[in-house]
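The values are calculated or read from the model by the stated rules, or taken from the named source; none is laboratory data. These numbers were taken from a predicted model, which means no experiment stands behind them. Neighbour counts run over all protein chains shown; Cβ positions are idealised from the backbone, glycine included. Each accessible area value is taken on the protein alone, full model and side chains, heavy atoms only, with ligands, DNA and RNA left out. Shrake-Rupley method; radii C 1.70, N 1.55, O 1.52, S 1.80 Å.
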Amino acid sequence: MAKPFASSADLEPKQETLEVLGSGVYALTAEGDPNVGAVEGEDFIVAIEARATPAAARDWLAQLRQRTDKPVRYLVLTHYHAVRVLGASAFEAEEIIVHDLTRTLIEERGKEDWASEFGRMPRLFKEPEGIPGLTRPTMTFAASMTIPLGGSRGDLELHYCGRGHTAGDIVVWLPKDKIMFAGDLVESEAALYTGDAFHMDWSTATLDRVARFGAEAIVGGRGRVTKSRAESQAAIDQTRHFLNEMRRTVKDVRGRGGTLKDAFAAAHSALAPRYGKWPIFEHCMPFNVQRLWDEYDGVDWPRIWTAERDRAVWAALQG
Ligand SMILES: [Zn+2]
């Protein structure tokens with residue numbers, strides 16, 4: 001039987017868990033759905049990620065409001081993907097902060113990405129008619145940025161670690177607590193999406209930089225929060241292993257003169273024993289292998305996913 005397209009048949013609501021990681025540091029996880037977070041300043045909040053729609057974001061804010069009624073001054077978006085940014089208006093933030101290249105990507109492909117992700121993950125788009133349009137940043141940066149939290153709370157730092165899950169991912173770092181919000185650069189017990197990725201950079205220098213922070217807790221893009229130095233390193237190692245296995249298998253098939261479909265089969269069978277049961281594995285793999293194949297073909301800047309191209313690649317590889 002043909003596999004249903006991407007996550008279009010995944011309609012069961014997920015259990016949400018609000019975790020308090022430190023004084024005024026929150027993460028909301030949801031069994032592999034995109035994670036969100038928040039950090040309290042002395043008289044404001046920094047929110048991290050915005051969910052797919054304002055209605056979905058308001059559900060998260062309602063939980064946060066049981067802990068604090070401070071206003072959201074900053075909304076930090078780790079990258080441009082629709083399911084993380086289109087709920088931004090609900091936060092009424094003074095500033096929306098992204099990396100310079102994320103701004104470029106939103107202008108270049110934000111519309112197409114919206115249609116693509118809506119088709120792939122309809123359950124995440126609660127009341128999609130409430131989305132006012134593309135989310136555009138009010139502040140961007142290239143290397144790093146610091147937000148003083150006030151009082152004795154220390155600083156919140158934003159850092160670019162190189163090209164990875166997209167061209168413009170950033171990590172959010174609390175040096176005082178050694179807590180990192182890593183966006184989709186690190187996943188813990190969730191499959192990686194690499195359809196817009198730079199596999200070679202991500203699996204080498206970028207993850208090296210992420211590891212050098214020595215985080216004692218990591219909130220990844222999806223999946224569970226790590227709670228120790230060892231667990232955090234294990235999540236980084238898992239992310240790297242997933243990427244390296246894709247690189248090894250796809251390169252091997254190309255070396256033997258195989259096809260894209262052969263590469264998909266090889267990568268799938270290498271990864272499925274360890275990662276096949278994790279959220280969104282089947283959903284991601286066709287898009288992942290297509291992008292890696294393109295990279296080996298010399299396509300540096302990722303091709304734009306459209307709703308139509310999604311369906312064609314799915315039919316060719318998972319159909
Ligand atoms: Zn993403």
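Couple of notes before you dig in:
- Peptides 276-289, 128-141 ranked from most to least packed by the mean count of surrounding Cβ atoms within 10 Å: 276-289, 128-141.
- Length gained on full extension, VAL20 to ALA205: 63.5 nm, using 0.36 nm per residue less the C-alpha separation.
- Cα gyration tensor shape of region 1-140, rounded if a/c is under 1.5, else prolate or oblate by comparing a/b with b/c: oblate
- Using all pairs of distinct alpha-carbon atoms, the Kirkwood hydrodynamic radius of region 121-212 works out to 15.3 angstrom.
- For region 199-319: rounded, prolate or oblate by the Cα gyration tensor [a/c cutoff 1.5]: prolate
- Distance cut-off 17 Å, percentage of C-alpha pairs in region 1-71 lying past it: 48 percent
- Pairs exceeding a 27 Å alpha-carbon distance, out of LYS70/LYS178; LYS70/LYS126; LYS176/LYS277; LYS176/LYS227; LYS126/LYS227; LYS111/LYS277: LYS176/LYS277; LYS126/LYS227; LYS111/LYS277.
- In range of the label at LYS261: residues from region 290-319 whose backbone nitrogen is under 14 Å from the point 7 Å along Cα→Cβ: 313-319
- Modelled spin-label separation between HIS241 and ASP69, with each label point placed 7 Å from Cα along the Cα-to-Cβ direction: 4.8 nm.
- Taking every alpha-carbon pair under 8 Å whose residues sit at least 6 apart, region 1-77 reaches a relative contact order of 22 percent.
- Each other residue within a Cβ distance under 11 Å of GLU12 adds +1 if Lys or Arg and -1 if Asp or Glu, for a net charge of -1.
- Solvent exposure of the chain amounts to 39 Å² per residue of accessible area, where only protein heavy atoms count and the probe is 1.4 Å.
- At 1.567 mPa s and 4 °C, Stokes diffusion of the chain via Kirkwood alpha-carbon radius, µm² per second: 66 µm²/s
- With N the number of residues in region 182-263, Rg(Cα) / (2.2 N^0.38 Å) evaluates to 1.19.
- Peptides 56-63, 221-228, ordered by how many other C-beta atoms sit within 10 Å of their residues on average, highest first, read 221-228, 56-63.
- Between the C-alpha center of region 136-194 and that of region 34-56 there is a gap of 13 Å.
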